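Working notes, beginning with the structure itself.
Nothing in this text is a laboratory measurement; each read-out follows from the coordinates by a stated rule. Note that the structure is a prediction, hence the values are computed from the model and not measured. Using ideal geometry, Cβ is built from the backbone for each residue, glycine included, and neighbour counts are taken over all protein chains shown.
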Amino acid sequence: MAGRSTRSGIAGQGLAALVLAAPLLVFVAALGTRTGQWSYATGHDLLVMRVGPVLAGLGALAALALLVMALRRRAVWLLSLAAVVVSAATIGVYAWQAGRAASAPPDDISTDLAESPGFGELDARRGGAGPTRTAGVESCPGAVPAMTQVAPESAVWALQQSGFSLQGGVSVGRAAGSHRGFWFGTVHDAVIRIRPGRTDVRVAARDGRSHGGEACRLATRISEALRSGG
């Protein structure tokens, strides 16, 4: 009886480890990408988006197996309940992320599509890369210009308030900055173009991937800051 209980405990621990495999993989992949241990393609595209869903599916099966064990032996009911919650949350996050990526606007957002602001000195750092299409307010409702000629210091404040570090010099006509994402270190560049009666914003990722509408969120933050008059 003791041997059977020991084997059951070991099996339960193994199943629990499998449930945790996908969340741990995401954390390790993000940390490795953020610290430069491997590329974004390896950390996000391969580990998180290809290997992760497989482990999440296996984790769901493991959670069901633990639930069956709990029905037979009350000793593991708490473990099985936690496993089901973790597995459901993991699959839910993956489904949410996939849906967000599919419906997100391009990661190049401009408040002026007729004459979109250029990145100037940042072009050298961008290396000519980036999304293939620029979208505006029709795809990102918050990306609207400030219908006033803002002061250069206000443009700098708007960038910093939105999490950007200032890049290059600031003039009466423009200010630029870069934003690095927390998890995978994805870089978005922003430029604020100041003209009489109108101030425009453009934000774009440095790669051509979809980042779930991050450029839209960042452009919206900057636009709101500019229009608030801070």
Q: Output the residue which, of all residues in the range 193-225 that are of a type in the set (A, V, I, L, M) and touching a Pro at 6+ places or on another chain (Cβ under 8 Å), is surrounded by the most Cβ atoms within 10 Å (Cβ to Cβ).
A: 215
Q) For the range 41-56, which residues satisfy the criterion of being more than 25 Å from residue 206 (Cβ to Cβ) and either without any contact (Cβ under 8 Å) to a residue 12 or more places away in the chain or basic (Lys, Arg) (or both)? A) 54
**Q.** Among (1) farther than 21 Å from residue 45 by Cβ; (2) in contact with a strand residue (DSSP E or B) (Cβ under 8 Å, 6 or more places away or on another chain); (3) buried (at least 17 other Cβ atoms within 10 Å of the Cβ) - the single one residue 179 does not satisfy
**A.** (1)
**Q.** Members of the range 191-220 that are of a type in the set (S, T, N, Q) and assigned to a helix (DSSP H, G or I)
**A.** 220
Q.
Please pick out the residue among 155, 143, 101 that is in contact (Cβ under 8 Å) with a residue 12 or more places away in the chain, part of a loop (DSSP other than H, G, I, E, B), closer than 19 Å to residue 217 by Cα and not charged (D, E, K, R).
A. 143
Q: Among the residues of the range 68-82, count how many are surrounded by fewer than 16 Cβ atoms within 10 Å (Cβ to Cβ) and of a type outside the set (D, E, K, R).
A: 7
Q: Please determine, by comparing only the residues of the range 83-115 that are among the small types (Gly, Ala, Ser) and over 28 Å from residue 58 (Cα atoms), which one is surrounded by the fewest Cβ atoms within 10 Å (Cβ to Cβ).
A: 114
(Q) Within the range 110-131, does at least one residue satisfy the condition of being assigned to a strand (DSSP E or B), closer than 24 Å to residue 191 by Cα and either in contact with a His (Cβ under 6 Å, 6 or more places away or on another chain) or among the charged types (D, E, K, R) (or both)? (A) no
